[in-house]
Amino acid sequence: HVQLVDSGGGLVQAVGSLRLSCAASGRTVSTYGVGWLRQAPGKKREFVAAISWSGTNTYYVDSVKGRFTISRDNVKNTMYLQMDSLKPEDTAVYYCAANRRGGRMWDRDEYGYWGQGTQVTVSS
């Protein structure tokens, strides 16, 4: 059974930066695709970024391309989301998630394991 614990959220001013972390335990996720999704108040949970098990392939929603960087450390069983040039519209609860089959990384329904979420608030 995979357990994910995400952290690193907080309050930051626009154009600032935050780094989210997600630690996996219970079972290694080194062969899983992993990603970050977010949910703003009153909106559906949406895909933000994902990375393949090897780290070779990364995927981003258009609105964060060039600003966010996803990475992973399979030795530490941890993944990260570096968020730069933050905007107020990035405000949301961010969830890390694992996709055992590693396909359709943009599809939230493909993620079977979820962290508890960490709040990111960007002030203007």
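The values are calculated or read from the model by the stated rules, or taken from the named source; none is laboratory data. Keep in mind that this is a model prediction, so the values were computed, not measured. Every residue, glycine among them, receives a Cβ derived from its backbone with ideal geometry; neighbour counts consider all protein chains shown. Side chains are part of the model used for accessible areas, which takes the heavy atoms of the whole protein and leaves out ligands, DNA and RNA. Shrake-Rupley method; radii C 1.70, N 1.55, O 1.52, S 1.80 Å.
Placing one equal scatterer on every Cα of the stretch 27-124 and applying the Debye formula, the log10 ratio I(q)/I(0) at q = 0.15, 0.21 Å⁻¹ is -0.54, -1.06. Taking the Cα centre of the chain as reference, the dipole from Cβ charges on Lys and Arg (+1) and Asp and Glu (-1) amounts to some 180 debye. Label-to-label distance for SER71 and GLU46 is 2.6 nm, based on points extended 7 Å past Cα in the beta-carbon direction. The gain in end-to-end length when the HIS1 to ASP62 segment is fully stretched comes to 18.7 nm, 0.36 nm per residue minus the alpha carbon separation.
Ordering TYR113, TYR95, ASN57 by Cα displacement along the dipole of the chain toward the positive end leaves TYR113 in first place; charges were set at the Cβ atoms of Lys, Arg (+1) and Asp, Glu (-1). Reducing the stretch 91-118 and the stretch 1-24 to their Cα centroids gives an inter-centroid distance of 14 Å.
Sorting 86-99, 52-65 by average packing, meaning the other beta carbons within 10 Å per residue, from highest down gives 86-99, 52-65. A 1.4 Å probe run over the protein chains yields, for the stretch 2-54, 49 Å² of accessible area per residue, whole-number rounding. When PHE47, PHE68 are compared by accessible area at a 1.4 angstrom probe, the order from most to least is PHE47, PHE68.
Solvent-accessible surface of the stretch 68-124, averaged per residue with a 1.4 angstrom probe and all protein chains in place: 50 square angstrom. Here the relative contact order of the stretch 5-124, from alpha carbon pairs under 8 Å that lie six or more residues apart, stands at 36 percent. Ordered from highest to lowest accessible area with the whole protein assembly present and a 1.4 Å probe, ARG72, ARG38 read as ARG72, ARG38. Overall, the accessible surface of the stretch 8-124 at a probe of 1.4 angstrom is composed of carbon and sulfur to the extent of 48 percent.
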